[in-house]
Amino acid sequence: QVQLVESGGGSVQAGGSLRLSCAASGQSIDHYCMAWFRQAPGKERERVAYIFSDDTTRHADSVKGRFTISQDNAMNTLYLQMNTLRPEDTAMYYCAASAKSAGCRDYTYWGQGTQVTVSS
């Protein structure tokens, strides 16, 4: 099993940037499809982005062109670079891991979340 711990959240002004980190331990994140999710009050959970390999990533339309998911296998850490932040990006952000054999659909492991608040 893998343990996931997010960090890097905080409060920023609209147009600003944040870089979220998800430190993994116990197993290599290279064994998994890794993803970032977010959930705001009153809204459904949304998969923001996932990474199958360095050359295979997907980003939700709502963040495409602004957010970039990446991972550093040597550091066993997942990242989400968030640029041009908007108030509607305000949410709790979670990292999660899915077995690659599950097609990046069954996220078995989750972090505790980190809050991102964007003010206008």
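Selection within segment 26-42: residues that are touching a residue at least 24 places away in the same chain (Cβ under 8 Å) and open to solvent by 50 Å² or more (accessible area, probe 1.4 Å). The member of this set that is farthest from Val2 (Cα to Cα) is Gln39.
So Tyr50 fits all but one of (1) surrounded by fewer than 17 Cβ atoms within 10 Å (Cβ to Cβ); (2) modelled with pLDDT of 95 or more; what number is the exception? Only one criterion in (1) surrounded by fewer than 17 Cβ atoms within 10 Å (Cβ to Cβ); (2) modelled with pLDDT of 95 or more is unmet by Tyr50, namely (1). Applying the set (1) within 12 Å of Ile29 (Cα to Cα); (2) without any contact (Cβ under 8 Å) to a residue 24 or more places away in the chain; (3) not polar (S, T, N, Q) to Arg105 leaves exactly one unmet item: (1).
Against the condition farther than 19 Å from Gln3 by Cα, of a type outside the set (S, T, N, Q) and either touching a Leu at 6+ places or on another chain (Cβ under 8 Å) or open to solvent by 10 Å² or more (accessible area, probe 1.4 Å) (or both), how does Val118 come out, does it pass? It is true that Val118 is farther than 19 Å from Gln3 by Cα, of a type outside the set (S, T, N, Q) and either touching a Leu at 6+ places or on another chain (Cβ under 8 Å) or open to solvent by 10 Å² or more (accessible area, probe 1.4 Å) (or both).
Under the condition of being open to solvent by less than 60 Å² (accessible area, probe 1.4 Å) and outside any strand (DSSP E or B), which residue from segment 87-99 is farthest from Gly8 (Cα to Cα)? Filtering first and then ranking leaves Pro87.
Across segment 53-70, the qualifying residues are those that are modelled with pLDDT of 95 or more and open to solvent by 50 Å² or more (accessible area, probe 1.4 Å), and the one among them that is nearest to the chain's Cα centre (by Cα) is Thr68. Scanning segment 73-114 for residues that are polar (S, T, N, Q) and in contact with a Gly (Cβ under 7 Å, 6 or more places away or on another chain), we see that the one that is farthest from Val63 (Cα to Cα) is Thr114.
Arg105 fulfils the conditions (1) modelled with pLDDT of 95 or more; (2) not in a strand (DSSP E or B) except for a single criterion, (1). Quick check on segment 58-72. Is at least one of its residues part of a helix (DSSP H, G or I) and basic (Lys, Arg)? No, every residue in segment 58-72 fails to be part of a helix (DSSP H, G or I) and basic (Lys, Arg). Scanning segment 8-22 for residues that are open to solvent by less than 60 Å² (accessible area, probe 1.4 Å) and in contact with a Gly (Cβ under 9 Å, 6 or more places away or on another chain) yields Gly9, Leu18, Leu20, Ser21, Cys22. For residues that are of a type outside the set (A, V, I, L, M, F, W, C) and over 17 Å from Ala96 (Cα atoms), scanning just segment 71-86, find the one that is least open to solvent (accessible area, probe 1.4 Å). If we take residues in segment 71-86 being of a type outside the set (A, V, I, L, M, F, W, C) and over 17 Å from Ala96 (Cα atoms), then Asn83 is least open to solvent (accessible area, probe 1.4 Å).
The values are calculated or read from the model by the stated rules, or taken from the named source; none is laboratory data. Since this is a predicted model, take the numbers as computed values, not measurements. In this analysis, Cβ positions are derived from the backbone assuming ideal geometry, glycine residues included, and neighbour counts consider all displayed protein chains. To get the accessible areas, we keep the full protein, side chains included, count just its heavy atoms, and leave off ligands, DNA and RNA. Shrake-Rupley method; radii C 1.70, N 1.55, O 1.52, S 1.80 Å.
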